[in-house]
Amino acid sequence: MTTTKLSNPTTKHDLCVYEWNDTFNDEATKPEKLVCIFHGAGGRGLQFEKTCEILAKNHPDWHFVTFDQVGHGGSFSSDISYQWSDFEFDSLYSNAEFIVNHFRNKYQQKDHKIELCIAAHSVGSGLAMRYCINHRDIVSKLILLGTKPEAPGKSPVWVFPSLFLELIRGVFSASFAKLAYHESTPIEVKEAESEHTKNNTMYMMKAICTQLIWPTQEEIATIKVKTLVISGETDGLTQPERGKVVHELIENSQFCIIEGASHNMMIEKPSILAEKIEQFFIANEQ
């Protein structure tokens, strides 16, 4: 895995990017190469680390990319006073669009054809669907994890001031864990993720969840690329039945459920997720 920082000139955000099997400078690259860009839940790209490691090992000719959204993981800076506007849907979308177009353009500059796939989870799935709607002829495959036909994260708790939300963060986190993890998920897995997300302030989470502009069902139905919708068996945040609705809206799509997992399936069952993605890619080779 390699780690770099890219700066989006539109939002002025420095974004931390992770890559596996980076070969776009390799003159021996095949005429067409699969490039898959992941967008993690809430914005932490390394939630997909184990899944990407498995896929990269099995398919050294596939290029995998994931990144941290503004204020998350390696894209967080203690020197920045983040503004409400940093987490508007349009700002998050601009960052995702910038990353996708950055790698797409790098291959084009080398005259290397690519098969572009976007794999996105939760909030990221809305950004990915919007990209497919805006750029209909660019994406070859789409994977939507923990998605639903309406914006996730809607909760009456967001009416409270951010300062109060920080005071009750422990209660909020405990409630989130019940909805986001399967009962069989080891406590150490939950604790590790909690440590990774300690810089995710309630101010940021409130700003993201209250400013989501989700594609309408009519818009989602216009997506025509080969799509795989994956839900966690006991997901309490984006319930499997809501994921199935997205599948039914997208004409050229498949739907599956990962048993023993919930909303954070890529942390709970990374090897099974890798297997599902691998099967989807191979079965739908162009």
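The values are calculated or read from the model by the stated rules, or taken from the named source; none is laboratory data. This one's a predicted model, so the numbers in the text were calculated from it and none came from an experiment. All Cβ positions, glycine included, derive from the backbone under ideal geometry; neighbour counts span all protein chains shown.
Of the residues making up segment 252-286, those that are surrounded by fewer than 17 Cβ atoms within 10 Å (Cβ to Cβ), modelled with pLDDT of 95 or more and in a helix (DSSP H, G or I) are Ser271, Glu275, Glu278, Gln279. Restricting attention to segment 224-246, the residues being surrounded by 23 or more Cβ atoms within 10 Å (Cβ to Cβ) and either in contact with a Phe, Trp or Tyr (Cβ under 6 Å, 6 or more places away or on another chain) or not polar (S, T, N, Q) (or both) number 7.
Going residue by residue through segment 178-188, is there one that turns out to be assigned to a helix (DSSP H, G or I), in contact with a helix residue (DSSP H, G or I) (Cβ under 9 Å, 6 or more places away or on another chain) and buried (at least 20 other Cβ atoms within 10 Å of the Cβ)? Within segment 178-188, one or more residues are assigned to a helix (DSSP H, G or I), in contact with a helix residue (DSSP H, G or I) (Cβ under 9 Å, 6 or more places away or on another chain) and buried (at least 20 other Cβ atoms within 10 Å of the Cβ). Taking each residue of segment 27-50 that is under 30 Å from Ala207 (Cα atoms) and crowded, with 22+ Cβ neighbours inside 10 Å and looking for partners that are among the acidic types (Asp, Glu) and at pLDDT 90 or above with beta-carbon atoms closer than 7 Å, six or more apart or interchain, yields Gly43/Asp68; Arg44/Asp68; Gly45/Asp68. When you check Ala128 against the structure, is it outside any helix (DSSP H, G or I), within 30 Å of Leu34 (Cβ to Cβ) and not aromatic (Phe, Trp, Tyr), yes or no? For Ala128, the condition - outside any helix (DSSP H, G or I), within 30 Å of Leu34 (Cβ to Cβ) and not aromatic (Phe, Trp, Tyr) - is not met.
Can you pull out the residues in segment 12-36 that are among the β-branched types (Val, Ile, Thr) and modelled with pLDDT of 95 or more? Answer for segment 12-36, where residues must be among the β-branched types (Val, Ile, Thr) and modelled with pLDDT of 95 or more: just Val17. Checked against (1) outside any loop (DSSP other than H, G, I, E, B); (2) surrounded by fewer than 17 Cβ atoms within 10 Å (Cβ to Cβ); (3) not basic (Lys, Arg), Glu193 passes all but a single condition, namely (2).
Being modelled with pLDDT of 95 or more, at negative phi and out of contact with any Phe, Trp or Tyr (no Cβ under 9 Å at 6 or more places or on another chain) is the requirement here; does Leu249 meet it? Yes: the conditions hold for Leu249. Considering segment 53-96, and only residues there that are aromatic (Phe, Trp, Tyr) and not in a helix (DSSP H, G or I), the residue that is nearest to Asn200 (Cα to Cα) turns out to be Phe76.
Among the residues of segment 220-230, is there at least one that is under 26 Å from Glu88 (Cβ atoms), part of a helix (DSSP H, G or I), in contact (Cβ under 8 Å) with a residue 24 or more places away in the chain and not basic (Lys, Arg)? The answer is yes, given that some residue of segment 220-230 is under 26 Å from Glu88 (Cβ atoms), part of a helix (DSSP H, G or I), in contact (Cβ under 8 Å) with a residue 24 or more places away in the chain and not basic (Lys, Arg). Considered as a group, the residues in segment 142-177 that are closer than 26 Å to Ile220 by Cβ and part of a helix (DSSP H, G or I) include one that is modelled with the highest pLDDT, and that residue is Trp158. Between Glu268, Glu259, the distinction of being acidic (Asp, Glu) and out of contact with any Ser or Thr (no Cβ under 6 Å at 6 or more places or on another chain) belongs to Glu259 only. Of the conditions (1) surrounded by 24 or more Cβ atoms within 10 Å (Cβ to Cβ); (2) among the β-branched types (Val, Ile, Thr); (3) within 18 Å of Ala207 (Cβ to Cβ), Ile168 fails just one. Which one is it? Only one criterion is unmet by Ile168, namely (1).
Looking at segment 253-283, which of the residues that are of a type in the set (Val, Ile, Thr) and out of contact with any helix residue (DSSP H, G or I) (no Cβ under 7 Å at 6 or more places or on another chain) is farthest from Leu116 (Cα to Cα)? Only one residue tops the list, namely Ile272.
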